[in-house]
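Quick note: the coordinates plus some simple rules give every number you see, no bench work behind them. Note that the structure is a prediction, hence the values are computed from the model and not measured. Because the Cβ atoms are built from the backbone with ideal geometry, glycine has one as well, and the counts that use them run over all protein chains shown.
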Ligand code: SAH
């Protein structure tokens, strides 16, 4: 193992941009062309195991794996729901810090919900991770490794439903991805680079979900990587949103929506608005109308809304909206011409649904 620099996870192959890999390999005294072989094993075959890299001499692969593939993620526990098609994994990182990821398999696609930080500093009161505060940012490789493990389990037929492929990644696990901006963008680059430089996923199938850090949204648009942006709005008015998403006191509803609209203009990607429906809190018909109005006044066809029934977190006084209230909220948005899809709450019984990731060692 590469010794940890203080406070930082050991450097891993997945931290390196394609152009940095040959140098890292030569720094270990091996031939530069080995970098391409390692990339193929890692990104195409999803392997970081020297025993599987049989096209390299044994001593070489052991040396390279020891130097470039530290074990960053140790599974502590996995929990399954939905007949094994939803799998939550609790990971222990090199320093004992815990994070979670959730794999959700549907007919024709498989989505991994990844964590970008251990804990979160955004303090949204309805979110389990928000109650913990921020422990630390994850490294690029710590994020990519969550994905590799899931993609490998699917590839090897270890997930109910037989062998398959990971198709989608959502940054909706623990943490605020745009508060760990560079690391997250680097991870996205690994996801979308064609194999063997990266995992070869489609950028549109990668979703970055944010509380609305406006300058970072604009920076993300400027990278030119057309990932899908999700904005966690949860209220169309500043008074309530500042309570539900405290960063709203820094960037208001209008500022966040303007940034979302700019993101659409820059990337052509339709933006998702996330809206956790909380009973008697933000589920009023007038709020649906206000949201519909604020979205349509910024144009048509640029946005859709994902209401999510609140997943109550332990100790929370809040619950999900009544079904009739939810239906009315959805109907109002649709009446404004806003495509609206209620998100499912997969994995809620294993605390694996949105906002439930708390990563205590239960
Ligand atoms: N920090 C990012 C990612 C967080 S999780 C963000 O805020 O967007 C992804 C989504 O789950 C966010 O929209 C978040 O607001 C939502 N969420 C958090 N807690 C929830 C809960 N208890 N029930 C339903 N959705 C929740």
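Values as computed for the structure displayed
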{"read-out": "Mean separation of Cα contacts under 8 Å, 6 or more apart, over the residue count of the stretch 13-69: relative contact order %", "value": "29"}
{"read-out": "Percent RCO, i.e. relative contact order, over the stretch 1-115, from Cα pairs under 8 Å lying at least 6 residues apart", "value": "19"}
{"read-out": "Antiparallel bridge percentage (DSSP; both residues within the stretch 263-362; nearest 5)", "value": "10"}
{"read-out": "Cα shape, the stretch 13-69, gyration tensor, a/c 1.5 rule", "value": "oblate"}
{"read-out": "Cα-derived Rg over Rh, computed across the chain with Rh taken as Kirkwood radius", "value": "0.99"}
{"read-out": "297, 100 arranged by Cβ crowding within 10 Å, fewest neighbours leading", "value": "297, 100"}
{"read-out": "Ellipticity estimate at 222 nm from DSSP helix runs (n ≥ 4, -39,500 (n - 2.57)) divided over the chain, nearest 500", "value": "-9500 deg cm²/dmol"}
{"read-out": "Residues 302, 91, sorted so that the one with the fewest Cβ neighbours within 10 Å comes first", "value": "302, 91"}
{"read-out": "Fewest-first ranking of 225, 143, using other Cβ atoms within 10 Å as the exposure measure", "value": "225, 143"}
{"read-out": "Mean Cα-pair separation over length for the stretch 235-303, i.e. relative contact order, pairs under 8 Å, 6 or more apart, %", "value": "39"}
{"read-out": "Cα gyration tensor of the stretch 256-318 - equivalent ellipsoid semi-axes, whole Å, descending", "value": "26, 14, 8"}
{"read-out": "Share, in percent, of DSSP beta bridges within the chain that are antiparallel, nearest 5", "value": "50"}
{"read-out": "In degrees, nearest ten, helix 253-267 long axis to first principal axis of the chain (Cα)", "value": "50"}
{"read-out": "Among 172, 53, 104: highest mean-square fluctuation, GNM of the chain, C-alpha pairs under 10 Å", "value": "53"}
{"read-out": "q = 0.21 Å⁻¹: log10 I(q)/I(0) that the Debye formula gives for the stretch 230-362, counting C-alpha atoms only", "value": "-1.31"}
{"read-out": "Choice from 57, 194, 125 showing the highest fluctuation, given a GNM over the chain with Cα pairs closer than 10 Å", "value": "57"}
{"read-out": "Cα centroid separation - the stretch 73-143 against the stretch 32-60, whole Å", "value": "27"}
